[in-house]
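First the structure, in the form of structure tokens, and then the observations on it.
Every number in this text was worked out from the coordinates using simple rules, so none of it is lab data. Note that the structure is predicted; figures quoted are calculated from it, not measured. FYI the Cβ positions are ideal-geometry reconstructions off the backbone, even for glycines, and counts take in every protein chain you see.
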Amino acid sequence: MKKYMLILMLILICQVGKSQTMDDLFNEFTKTEQVKHVKIHYDEIKELGIKQIKVTTPDMGINAIEILHTEGCTPKTKKRFTKAIRELDDPRFETIVTFNEKDNRCKVLVRVEGETIRELVLLRTGGNDDDNLIRIKGKIKSSDIDKMIASLW
């Protein structure tokens with residue numbers, strides 16, 4: 001009986017150990033050749049003169065945007081990416097919105113310090129489409145979110 005209890009405890013420990021933080025997820029897949037990774041800092045946007053990206057000014061509190069995209073990946077890599085997103089368990093983040101439509105699943109997560117949003121993450125997986133993971137970093141106030149939405153419309 002002790003043997004079975006020990007095996008059960010080891011299985012549970014392994015399952016808990018498999019969960020990833022957001023940083024682990026990005027670190028793992030930025031090293032995967034097939035996954036497209038783009039990271040843009042505010043300074044780079046300013047140097048390129050991209051005026052259309054109004055939301056990335058320091059006034060808005062955004063200082064970097066990072067994207068992982070599985071376009072052109074093998075089914076094995078896509079499956080591993082989707083699995084990693086499902087196993088994502090970062091206690092620093094809270095879910096704001098989750099919505100499912102047929103095979104597609106979207107989720108919006110935030111990491112908040114005090115009254116400031118430090119990271120905003122958008123996850124999209126499933127279906128025949130490619131999976132995406134978008135992370136926006138900065139010091140974003142809730143009033144900045146309203147400005148951002150207004151600038152998009």
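Numbers at a glance
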{"item": "Filtered residue count, segment 97-140, keeping only those that are surrounded by 14 or more Cβ atoms within 10 Å (Cβ to Cβ) and either out of contact with any Phe, Trp or Tyr (no Cβ under 6 Å at 6 or more places or on another chain) or not in a strand (DSSP E or B) (or both)", "result": "28"}
{"item": "Residue pairs meeting the criteria (Cβ under 7 Å; at least 6 apart or on separate chains; first over 22 Å from Gly138 (Cβ atoms), in segment 25-45; second small (Gly, Ala, Ser))", "result": "Glu28/Ala84; Gln34/Gly72"}
{"item": "Residues (farther than 15 Å from Asp131 by Cα and hydroxyl-bearing (Ser, Thr, Tyr)) located in segment 82-109", "result": "Thr95, Thr98"}
{"item": "Residue that is farthest from the chain's Cα centre (by Cα) [pool: residues in segment 68-96 that are of a type in the set (S, T, N, Q) and surrounded by fewer than 18 Cβ atoms within 10 Å (Cβ to Cβ)]", "result": "Thr74"}
